[in-house]
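The values are calculated or read from the model by the stated rules, or taken from the named source; none is laboratory data. The structure displayed is predicted, hence computed values, not measured ones. Neighbour counts run over all protein chains shown; Cβ positions are idealised from the backbone, glycine included. Remember, those area values only see protein heavy atoms, side chains included, never the ligands or the DNA or RNA. Shrake-Rupley method; radii C 1.70, N 1.55, O 1.52, S 1.80 Å.
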Amino acid sequence: MWRQLYQVWLWRHTGAWRGWEGAPYSTLVPSDEVTINYRHGLPVITLMLPTRSERCQFTVKPVVTTVGTFLQDVQREDKGIERAEVFATDGSKVSDATLMEVLLMNDFKLIINNTVYSVSPPVKAKLSSEHATEMEDIKCLVHRLFVALHLEDHQIRKERELLQKLDHLKEELLPLEQVKTRIMDNADAKTSRLLWVGLALMSTQGGALAWLTWWVYSWDIMEPVTYFITYGSAMAFYAYFVLTKQDYIYPHAKDRQFLHYFYRKSKKQHFNVERYNKLKDDLAEAEESLRRLRQPLHLRLPIQEISDKD
């Protein structure tokens, strides 16, 4: 009776599985190809290796073992297995990230090469609520121990990956930084030259008005001229606001002119500004990830909270 309860016998397929699209599997599977039973609380899956023609047992840990890990173990045991997949009874593929504990709750299809195995896991006796709660606590404790034991290795591996990424990004940014520096120097020189030219023009205008007022004409004649010059300047500032939707503030106007010269020079030098900005963002993100990785107390805090505390 116990053997009937814990051991699963598989049946033959008499045709193509209608739930699947593609090539049908016509291989007849003997009824004793795959069995599942529990030993010491762990499921043991026994199946026939196709190339070696011998039965092999695989003990899985349902809480930590995934479907992908189980299939890799099967393929590692028999190098002649080219295809190993798991499907649900409705024909949908089971993800490799699915835990074996979830897979063993329902019937499933195991495919090895061109052979289909229909598997019905044994029904486990239901636990009492107190026992179930105790088992959940044990599982949680095991998971925490597993994380604590492997967290340092994960951090070292992640830190190595981030350092390699930083080196790669810095190598790509180095020639772009050199080109950007030259373009910025050129744009800054042109902007400064334009400011000095504006100062020279204003000085010339003031000197010309003074000369015309005191030496050539009188103030009665020059007063309307200065009025229209002032009114024209006001119109020029208003036109600037209409075109740029910004007030004419000297630092903002200087930055705007600097960007105009910068982008015009970048186009001539074939400097890709978008690619440069993307690399800078990736570099800043990698540096922030590395900073958080080296501060274990911040690992479980959201980025916004860390920024607020910093």
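List of remarks:
- Rounded to the nearest 10 square angstrom, Tyr217 shows an accessible area of 110 square angstrom against a 1.4 Å probe.
- Label-point separation in nm, His252 to Val216, each point 7 Å along Cα→Cβ: 3.7
- The stretch 168-292: C-alpha gyration tensor shape, a/c 1.5 cut-off, then a/b vs b/c: prolate
- Listed residue (Leu243, His260, Tyr227) projecting farthest to the positive dipole end of the stretch 165-277, Cβ model: His260
- Cross-link pairs Lys254/Lys280; Lys190/Lys268; Lys190/Lys245; Lys165/Lys268; Lys170/Lys265; Lys245/Lys265 - those with Cα-Cα distance over 27 Å: Lys165/Lys268
- Residues Asp282 and Ile156, FRET efficiency given R0 of 30 Å [Cβ-Cβ distance, rounded to 0.05]: 0.85
- Spin-label proximity, His260 to the stretch 235-249 - amide N less than 16 Å from point 7 Å beyond Cα toward beta carbon: 236-249
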